[in-house]
Structure formats: C-alpha cells, structure tokens
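Each remark here refers to the structure printed beneath this line.
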Amino acid sequence: DVKVTQSSRYLVKRTGEKVFLECVQDMDHENMFWYRQDPGLGLRLIYFSYDVKMKEKGDIPEGYSVSREKKERFSLILESASTNQTSMYLCASSLTGHRSEKLFFGSGTQLSVL
Amino acid sequence: DQQVKQNSPSLSVQEGRISILNCDYTNSMFDYFLWYKKYPAEGPTFLISISSIKDKNEDGRFTVFLNKSAKHLSLHIVPSQPGDSAVYFCAASGEEYGNKLVFGAGTILRVKS
C-alpha cells in the first residue's frame, strides 16, 4: 500500500513565524497535494504538484507556498504564520493525477498558530 | 458558496441497520464522485466512487447512488457496523476543474452497538 508520511502530527507556532510542513510518499506518485481541513468547510485544496519543480495553485493558496525538489517530497510553507492558518493540514498523492483516481492521504498535521 | 454540500453534520444509527449519507452538488459539470472515510488521527481513505454515466455502484456493504437530475448522491451502508463510525466526505470532480476534487464538509457517522 502507498504510504504518505507527514513529518509532524502536532505543531504549535507563533504568529509571524515561518512554518514548514513536510510530506513524503513512497510509491513514486507523480502528483502530490496539500489540503487543509476545517470544521464545516471540509477539505480545501491549497496547492498541488504534478511533477518535480512544478506547482499549481488550488482554491486557497494565499499565505502559502510549496516546494517540490524531489519526486517523493512535497513541502508546504507558511511564509508568516497567522492565527487563521490554525488548521489540520493533509498531504495526499496520486499516481496519474486523473480526477477519477483516488488520493492517498497522510495522517495530517494539526497546526496551531498562537 | 459550497458546490458540494453535505447538509447533515452528523448521523447516528443502530448497529445492523442501514446508514444513508447524503450529498448534494450544484455544478452540473461534475461528472465523477467519490466518497472518503476518515477516522480520528488518520488521513481520509478512499471508499467508493461513481461516474456520471452510472446511477449505482456497489462494493460489498457500500452502495453509492447518483441522481443526476436532482444533483444528489447518497452512500448506503448495509448493515452498519460500529467500525463504520467515522467522518464521511463526499467529493466531486469535473473536467473544468482539471485534476482537483471539490469536497463537502463531511458527515460524522456514529454506529451504536
């Protein structure tokens, strides 16, 4: 089975800090995604990448950036963390990225910005 | 405005009975729908999907029904088991959205033993 690993389960950061969330997948998938999950809003796509060094904005990219230097690793960067970025962050991957293809998710990182 | 709506935040069902989770969508260009299940402290996992060319897809205890004219889909779980207690997310995709899924807010299912 595909394994998607997120480096931290819980993170607490202060307003204004630069935050890095790391995600690694072990199945040579082309596509990787970052979502945030908030109560009443479901999962919202922040950024995705379909190839190394390639990235596309999702629905809520403001305040975030991403990096994909290696195929297996996709990083989400909060340039200057704010309290409204307190959320559950979920990384996912898929082989071809076709919209009918299922995603494999990591366990999530609960980020609290104080 | 949310394009995929799960209007019931929670549902409680007795073990052995049927669980019906509902999902409505507003965009008629959506043509592929998926259900994901999420346990606490875990990421969502894929459960079942359906293409708009079908009106039903079945996988064991799980069946998804699609009513295109009503822009409505439902997930039936029969019989419900305590291990089915989780958050269920409905998701939709369409060619105009490329490779992106649009998720609903989720429904918490509790199956009581």
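The values are calculated or read from the model by the stated rules, or taken from the named source; none is laboratory data. Since we're looking at a predicted model, the values are computed, not measured. Cβ sites come from the backbone with ideal geometry, for glycine too, and all protein chains shown count toward neighbours.
Given the residues B:83, B:98, which is the only one that is more than 14 Å from every other protein chain (Cβ to nearest Cβ) and surrounded by fewer than 17 Cβ atoms within 10 Å (Cβ to Cβ)? Before the answer, list the steps.
Working: B:98 fails: more than 14 Å from every other protein chain (Cβ to nearest Cβ).
Selected residue: B:83, the only one of B:83, B:98 that is more than 14 Å from every other protein chain (Cβ to nearest Cβ) and surrounded by fewer than 17 Cβ atoms within 10 Å (Cβ to Cβ).
Farther than 25 Å from residue B:12 by Cβ and either in contact (Cβ under 8 Å) with a residue 60 or more places away in the chain or within 14 Å of chain A (Cβ to nearest Cβ) (or both), is that true of residue B:113?
Values: farther than 25 Å from residue B:12 by Cβ: no; either in contact (Cβ under 8 Å) with a residue 60 or more places away in the chain or within 14 Å of chain A (Cβ to nearest Cβ) (or both): yes.
The answer is no for residue B:113.
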If you go through segment A:52-60 one residue at a time, do you hit one that is within 12 Å of chain B (Cβ to nearest Cβ), without any contact (Cβ under 8 Å) to a residue 12 or more places away in the chain and touching a strand residue (DSSP E or B) at 6+ places or on another chain (Cβ under 8 Å)?
yes
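Please determine, by comparing only the residues of segment B:36-72 that are part of a loop (DSSP other than H, G, I, E, B) and closer than 30 Å to residue A:109 by Cβ, which one is modelled with the lowest pLDDT.
Step one: filter segment B:36-72 for residues part of a loop (DSSP other than H, G, I, E, B), giving B:39-44, B:52-55, B:60-61, B:68-71.
When the remaining residues are screened for being closer than 30 Å to residue A:109 by Cβ, the result is B:39-44.
Working: B:39: 95, B:40: 90, B:41: 87, B:42: 91, B:43: 93, B:44: 95.
By that ranking, first place goes to B:41.
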Can you tell me which condition residue A:27 does not meet? The list is (1) within 12 Å of the chain's Cα centre (by Cα); (2) not in a strand (DSSP E or B), and all the others hold.
(1)
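Looking only at segment A:78-87, how many residues end up being crowded, with 16+ Cβ neighbours inside 10 Å and out of contact with any helix residue (DSSP H, G or I) (no Cβ under 8 Å at 6 or more places or on another chain)? Spell out how you get there, then give the answer.
Step one: filter segment A:78-87 for residues crowded, with 16+ Cβ neighbours inside 10 Å, giving A:78, A:81, A:85-87.
Checking the rest, the ones that are also out of contact with any helix residue (DSSP H, G or I) (no Cβ under 8 Å at 6 or more places or on another chain) come to A:81, A:85-87.
Within segment A:78-87, residues that are crowded, with 16+ Cβ neighbours inside 10 Å and out of contact with any helix residue (DSSP H, G or I) (no Cβ under 8 Å at 6 or more places or on another chain) number 4.
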Identify all residues within segment B:32-73 that are within 11 Å of chain A (Cβ to nearest Cβ), free of Cβ contacts under 8 Å to residues at least 40 places away in the same chain and either of a type in the set (Val, Ile, Thr) or touching a Pro at 6+ places or on another chain (Cβ under 6 Å) (or both); write none if there are none.
B:45, B:48, B:50
When you go through (1) farther than 22 Å from residue B:42 by Cα; (2) over 15 Å from the mean Cα position of the chain (by Cα); (3) in contact (Cβ under 8 Å) with a residue 40 or more places away in the chain one by one for residue A:113, which number turns out not to apply?
(1)
Starting from segment A:1-14, take each residue that is at pLDDT 95 or above and list its partners that are among the aromatic types (Phe, Trp, Tyr), counting only C-beta distances under 7 angstrom and pairs at least six apart or across chains.
A:4/A:104; A:4/A:105
Would you mind stating whether residue A:17 is modelled with pLDDT of 95 or more, loosely packed, with under 12 Cβ neighbours inside 10 Å, more than 10 Å from chain B (Cβ to nearest Cβ) and outside any strand (DSSP E or B)?
no
